[in-house]
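Taking it in order: structure first as structure tokens, then the write-up.
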Amino acid sequence: MLSKNIEHALNNQIRIEAESSQTYLSMASWAETHGLEGISKFMYAQSDEERTHMLKLVKYINERGGHARVSELKAPKTSYETFKEMFEELYKHEIFVSDSINELVHISFSEKDYATHNFLQWYVAEQIEEEAQAKLILDKINLIGDDKGGLYLFDRDIQQLTLNSATSKGSK
Ligand code: OFO
């Protein structure tokens with residue numbers, strides 16, 4: 001049985017994952033309306049992934065005798081100056097999510113809730129991957145600079161990243 005404190009903290013994480021999903025959906029839509037097809041596919045896939053992170057928490061809370069709550073969400077930003085700014089925000093957002101997961105791990109440990117602590121290890125590993133991926137993308141964007149040809153190739157290559165990540169996650 002979850003303590004009220006942990007149930008509350010996990011419910012807060014449900015909201016964060018749902019907001020992440022909405023944020024990336026908004027980024028996908030912005031990219032799609034700016035001719036950035038590859039980037040938009042990548043963002044749609046990210047948005048779907050965040051929804052699965054949220055659902056995993058919903059199931060876990062309910063399985064452990066708590067009540068997963070679906071709450072109101074903060075509206076995401078709907079437009080960006082540049083795609084670079086968009087990816088900078090994605091990276092910052094992932095760091096924020098990692099901090100939030102770390103805090104949850106800390107709470108579960110201090111309450112000796114080892115089942116939750118164990119459950120959260122999946123998120124810890126996932127955040128390492130997501131932060132690394134966002135950083136890699138930003139490094140590539142910085143390499144491209146203002147080169148239009150570079151952007152064209154980047155938009156094409158990022159689709160491959162989406163496919164690779166879907167394949168490797170599907171086989172986990
Ligand atoms: Fe839920 O992993 Fe990104 O935020």
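The values are calculated or read from the model by the stated rules, or taken from the named source; none is laboratory data. Quantities reported herein were computed from a predicted structural model and do not represent experimental measurements. Please note: Cβ atoms are built from the backbone with ideal geometry, for glycine as well, and neighbour counts cover all protein chains shown. When the accessible area is computed, the model is the full protein with side chains, heavy atoms only, and any ligands, DNA or RNA have been set aside. Shrake-Rupley method; radii C 1.70, N 1.55, O 1.52, S 1.80 Å.
The residues on offer are TYR152, TYR60, and the sole one that is closer than 18 Å to ALA18 by Cβ and either in a helix (DSSP H, G or I) or not small (Gly, Ala, Ser) (or both) is TYR60. Based on this model, can you work out whether GLU19 counts as of a type in the set (D, E, K, R), surrounded by 20 or more Cβ atoms within 10 Å (Cβ to Cβ), within 14 Å of the ligand (Cβ to nearest atom) and closer than 22 Å to ILE6 by Cβ? The answer is no for GLU19.
Yes/no per residue for (1) polar (S, T, N, Q); (2) at pLDDT 95 or above; (3) at positive phi:
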position	(1), (2), (3)
GLN46	yes, yes, no
TYR60	no, yes, no
ARG64	no, yes, no
THR82	yes, no, no
ILE95	no, yes, no
GLU111	no, yes, no
ALA115	no, yes, no
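Entry remark, the stretch 1-16: residues being within 16 Å of the ligand (Cβ to nearest atom) and more than 15 Å from ASN62 (Cβ to Cβ) number 4 in total. Residues that are more than 27 Å from ASP146 (Cα to Cα), open to solvent by less than 80 Å² (accessible area, probe 1.4 Å) and free of Cβ contacts under 8 Å to residues at least 40 places away in the same chain within the stretch 61-84 comprise just one, ASN62.
Applying the criterion of being out of contact with any helix residue (DSSP H, G or I) (no Cβ under 9 Å at 6 or more places or on another chain) and within 16 Å of the ligand (Cβ to nearest atom) to the residues of the stretch 117-153, the residue that is modelled with the highest pLDDT is ALA125.
Answer yes or no as to whether ALA28 is within 16 Å of the ligand (Cβ to nearest atom), among the hydrophobic types (A, V, I, L, M, F, W, C), within 20 Å of LYS140 (Cα to Cα) and buried (at least 18 other Cβ atoms within 10 Å of the Cβ). Yes: the conditions hold for ALA28. A single member of GLU89, GLU50 is modelled with pLDDT of 95 or more, crowded, with 17+ Cβ neighbours inside 10 Å and of a type in the set (D, E, K, R), and it is GLU50. Considering the stretch 98-114, the residues that are of a type in the set (A, V, I, L, M, F, W, C) and open to solvent by less than 70 Å² (accessible area, probe 1.4 Å) include one that is farthest from ASN5 (Cα to Cα), namely ILE101. The combined condition, being open to solvent by less than 60 Å² (accessible area, probe 1.4 Å) and among the aromatic types (Phe, Trp, Tyr), is fulfilled by TYR123. Checked against the criterion of being under 12 Å from the mean Cα position of the chain (by Cα) and under 24 Å from LYS140 (Cα atoms), the stretch 3-19 has no qualifying residue.
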